Structure formats: C-alpha cells, structure tokens
Amino acid sequence: MDLITRYQEVRRRTEKICSYLQTEDYVVQPVVDVSPPKWHIGHVTWFFETFILKPYFMGYEEFNPDYNFVFNSYYETVGNRVIRTDRGNLSRPTVIEIYSYRKYVDEAMANFLHDGISDDVKELMVLGFNHEEQHQELLMTDIKYILGHNPLFPAYNAEYAAPHFADPASDSFIKMDEGIYEIGFTGDGFCFDNELNRHKVYLNAYEMSPKLVTNAEYLEFINSGGYHDFRHWHAEGWDWVKNNKVGAPLYWHNIDGGWHHYTYHGLEPLHLKAPVTHISYFEAYAYASWKGLRLPTEFEWEAAATRFNWGQRWEWTESSYLPYPGFAKAPGAIGEYNGKFMVNQKVLRGASEVTPPGHSRITYRNFFQTNLRWQFTGIRLAK
Ligand SMILES: [Fe+2]
C-alpha cells in the first residue's frame with residue numbers, strides 16, 4: 001500500500017471511532033489518565049505537523065502557533081505544553097476548529113507526499129501511523145471511561161462487536177522446555193525501539209495456560225473473599241485496595257445482588273464467559289496467588305505465544321518495563337517516545353479487542369503502572 005493511501009486510511013479510522021460521539025463527549029476528562037477525545041484528534045494531527053510538515057515541507061505554514069502548546073503530549077524537546085491534568089479544561093479550540101486543523105494538515109500531507117519523500121521521512125511517516133493507531137486504542141478506552149462513568153451509562157455504539165476468538169481445544173497448560181530463547185523484534189517491518197535489540201534469554205521449564213481467566217472464574221475469587229485477604233496481595237496492592245475501596249474490576253456494578261458491567265452497549269448483566277478485563281496488575285497478581293499460580297514473565301509469554309490465541313486482552317506480565325540489552329534512544333524528540341517511561345511500570349503483552357487491526361505483534365511491549373485499569377487488561381496464568 002502506498003503512503004498516501006495508508007495515511008488516509010489511518011486518519012479515516014480515527015474519525016470513524018469518533019463518529020459515534022456527541023460534541024459534549026469530546027470535551028471531558030474525568031481522570032488524569034483519560035484524555036478528552038478532542039485532545040487525541042488534535043494531538044495525532046500535531047504529531048504529523050510537528051515531526052514531518054514543519055521540518056521537511058518547504059514553505060509549510062503552521063495552522064495555529066498556539067496549538068503546539070495545546071497538543072504537545074510529553075515532548076520536552078518541543079517546548080512548553082498544557083499540563084496533562086488540564087486537558088479537560090480546553091473548551092477552546094472547539095471540536096469544529098480541531099476538525100479544520102485535521103483537514104488542513106491532511107491537505108498539506110497529500111501535497112507533501114505527492115512529490116515523493118526520502119527514506120528518513122518515510123520512517124517518520126510509519127511512526128506517525130503507528131502513533132495514531134495507539135491513540136485510536138486510547139480513544140476507545142477513554143471514550144469507554146467517559147461514558148462508563150456517566151451515571152446514565154449511555155451506549156457508545158449499539159453495533160459494536162468484539163472480534164470473535166475461538167476457545168482453545170484443551171484447557172491443559174502448554175508445557176515449555178527449559179532452554180535459550182530469542183526475544184525481541186527481527187525482520188524488515190516496523191517495530192518500536194523498545195522491542196530492540198533481539199537477544200537470548202534462558203528460561204527454566206514452565207507452563208502457560210492456553211486461555212485467559214474468565215469473568216466467571218474471577219467472580220469465584222471475589223466470592224471467596226479475595227479482596228479481603230491480605231495474603232494474596234503485595235503491600236502496595238493491599239493499600240490500593242483499602243484506600244480505593246476496590247472490590248471488583250473497573251466497570252462492574254452489583255445491582256440488587258446481580259453483577260453487571262458497563263460495555264460499549266451500555267450497562268449489561270455480566271458476560272460470564274468473557275475474559276475478565278479492566279483489572280490492575282495488583283489484581284492480576286492477587287488472583288494468580290489465590291489460584292496458587294503466577295503470572296508469566298514477558299519472555300515466557302513471547303517464547304510461548306505461537307502456541308495460544310492472543311489478542312483479546314493486554315496480558316499483565318511479571319516483568320518490569322526495562323530496556324533490552326543495547327537499547328538506544330533515537331536522537332532528538334523522537335527519542336522521548338518510549339525510553340523515558342522505563343521506570344515503575346509493568347509490561348503487558350498481546351493486544352486487546354480495541355487494538356487496531358494489524359497493529360500488534362508477538363514482540364510488542366505495552367506498559368502501564370500497576371494500579372491502572374482503564375485499558376482492556378487481562379490475566380493468563382503460568383506455573
Ligand atoms: Fe501521543
């Protein structure tokens with residue numbers, strides 16, 4: 001696929017996700033981790049404008065010089081910005097103005113790409129596509145948080161359907177031999193810098209569950225008092241449970257004794273067979289401990305991943321988010337993409353039902369802090 005077509009497809013997909021929103025849905029920021037949809041659609045546009053049009057398109061005129069302040073996310077190299085907690089205070093620029101900004105940048109990009117570009121810029125374009133796809137997933141999870149924390153529990157889209165995943169043929173754990181395994185990206189396609197360099201890791205013999213933990217199974221943990229037994233929790237996790245009065249995954253509501261959860265269709269009785277989701281690392285760890293099992297490391301996950309179906313949930317691993325041997329940050333602002341977040345986070349592997357098609361890989365490393373639950377996180381057990 002040529003770059004112009006790929007660009008247009010990525011941009012269109014973002015707008016399709018937002019097409020189910022009302023104007024008011026674009027604006028709110030209920031918690032710090034959830035950005036208003038209007039900010040996302042401006043920020044991904046800013047990314048193409050800042051890293052491609054401004055440095056490489058001769059004569060390009062910025063749409064609005066104030067937008068760098070508003071739509072820069074975390075790039076210190078690129079200057080001052082609105083602090084993250086204040087994104088929900090941006091009643092201006094308006095949603096209409098931000099769509100005009102998108103159109104302006106899209107037209108400039110079409111003109112720019114028309115004349116052909118160097119390999120360096122091509123690489124930045126592909127990074128821009130992958131960046132916008134990451135924000136498409138964030139749009140889906142942030143919209144879920146915004147609507148799912150509205151007391152009226154409005155549906156996002158009645159036609160939303162999660163991709164179908166077949167059950168594994170057997171529940172038996174997959175046996176993996178001890179030995180040396182190669183970890184990390186290899187090949188000619190795109191990967192993020194955090195998937196490099198490919199390197200060898202020694203693993204003891206281990207076993208992986210072929211399936212994810214379901215809501216029904218997680219309910220057993222709740223009903224057996226899992227949230228009230230300190231023995232299953234890290235000290236930090238136990239404090240988190242008590243301080244936040246946590247007793248179930250995010251979006252679960254016990255109504256007159258029956259469990260419900262918020263979905264893109266609105267509030268529904270809990271889907272018992274669906275894989276549990278919207279749980280923190282603390283909860284994933286506690287559940288595994290209660291079962292007398294454990295979470296896999298990210299290396300165990302990657303070495304075994306061709307032997308099970310993945311892609312429904314971001315699977316918490318026992319691994320801290322650290323650089324691989326020989327990891328090097330790119331020079332300039334792009335070097336701020338991943339490396340500076342390699343502290344106090346856990347790695348998640350796989351992908352989720354709202355990850356854009358074609359965005360995931362076996363070597364992909366997602367990462368979040370241990371208390372966060374608004375992504376489609378899940379549990380795969382190991383022993
Ligand atoms: Fe971003």
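The values are calculated or read from the model by the stated rules, or taken from the named source; none is laboratory data. All values derive from a computational prediction rather than experimental measurement. Here the Cβ positions follow ideal geometry from the backbone for every residue, glycine too, while neighbour counts run over all protein chains shown.
Some observations on this one:
- Flag not set for Pro30, criterion: crowded, with 21+ Cβ neighbours inside 10 Å, farther than 23 Å from Ala108 by Cα and in the same structural domain as Ile98 (by TED's automatic domain parsing).
- Taking the range 9-27 as the range and being more than 13 Å from Gln136 (Cβ to Cβ) and surrounded by fewer than 18 Cβ atoms within 10 Å (Cβ to Cβ) as the test, the residues that pass are Tyr20, Gln22, Thr23, Glu24.
- Residue count for the range 28-57 satisfying the condition of being within 16 Å of the ligand (Cβ to nearest atom), in a helix (DSSP H, G or I) and over 11 Å from Ile143 (Cβ atoms): 14.
- Scanning the range 58-76 for residues that are part of a helix (DSSP H, G or I) and aliphatic (A, V, I, L, M) turns up just one, Val70.
- Here Ile334, Ile279 are screened, and the one residue that is under 29 Å from Gly79 (Cα atoms) and either in contact (Cβ under 8 Å) with a residue 24 or more places away in the chain or part of a helix (DSSP H, G or I) (or both) is Ile334.
- Taken over the range 253-262, residues that are within 21 Å of Asn157 (Cβ to Cβ) and either part of a loop (DSSP other than H, G, I, E, B) or without any contact (Cβ under 8 Å) to a residue 60 or more places away in the chain (or both) amount to 3.
- Just one of (1) more than 14 Å from the ligand (Cβ to nearest atom); (2) of a type in the set (Gly, Ala, Ser); (3) within 23 Å of Leu372 (Cβ to Cβ) fails for Ser91. It is (3).
- Criterion applied to Leu113, Leu124 was being among the hydrophobic types (A, V, I, L, M, F, W, C), assigned by TED's automatic domain parsing to the domain that holds Pro65 and within 16 Å of the ligand (Cβ to nearest atom), and the one residue passing it is Leu124.
The rows are residues; the columns are (1) closer than 30 Å to Tyr206 by Cα; (2) out of contact with any Asp or Glu (no Cβ under 8 Å at 6 or more places or on another chain); (3) modelled with pLDDT under 95.
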{"residue": "Asn243", "(1), (2), (3)": "no, yes, no"}
{"residue": "Leu250", "(1), (2), (3)": "no, yes, no"}
{"residue": "Gly258", "(1), (2), (3)": "no, yes, no"}
{"residue": "His261", "(1), (2), (3)": "no, no, no"}
{"residue": "Leu267", "(1), (2), (3)": "no, yes, no"}
{"residue": "Ser280", "(1), (2), (3)": "yes, yes, no"}
{"residue": "Trp301", "(1), (2), (3)": "yes, no, no"}
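- Among all residues of the range 128-140, there is none that is modelled with pLDDT of 95 or more, away from the ligand (no atom under 16 Å from the Cβ) and buried (at least 16 other Cβ atoms within 10 Å of the Cβ).
- All positions within the range 340-352 that are part of a loop (DSSP other than H, G, I, E, B) and surrounded by 20 or more Cβ atoms within 10 Å (Cβ to Cβ): Ala351, Ser352
- Taking the listed residues Phe51, Phe63, Phe71, Phe47, the one that is more than 30 Å from Asn366 (Cβ to Cβ), among the aromatic types (Phe, Trp, Tyr) and in contact with a helix residue (DSSP H, G or I) (Cβ under 8 Å, 6 or more places away or on another chain) is Phe63, with no other qualifying.
- Test result for Phe129, in contact with a helix residue (DSSP H, G or I) (Cβ under 8 Å, 6 or more places away or on another chain), at positive phi and not acidic (Asp, Glu): no
- Residues that are outside any loop (DSSP other than H, G, I, E, B) and either among the basic types (Lys, Arg) or more than 30 Å from Lys200 (Cα to Cα) (or both), drawn from the range 153-188: Lys175
- Test: residue in the range 291-302 that is more than 26 Å from Tyr75 (Cβ to Cβ) and either of a type in the set (Lys, Arg) or not assigned by TED's automatic domain parsing to the domain that holds Thr186 (or both): yes
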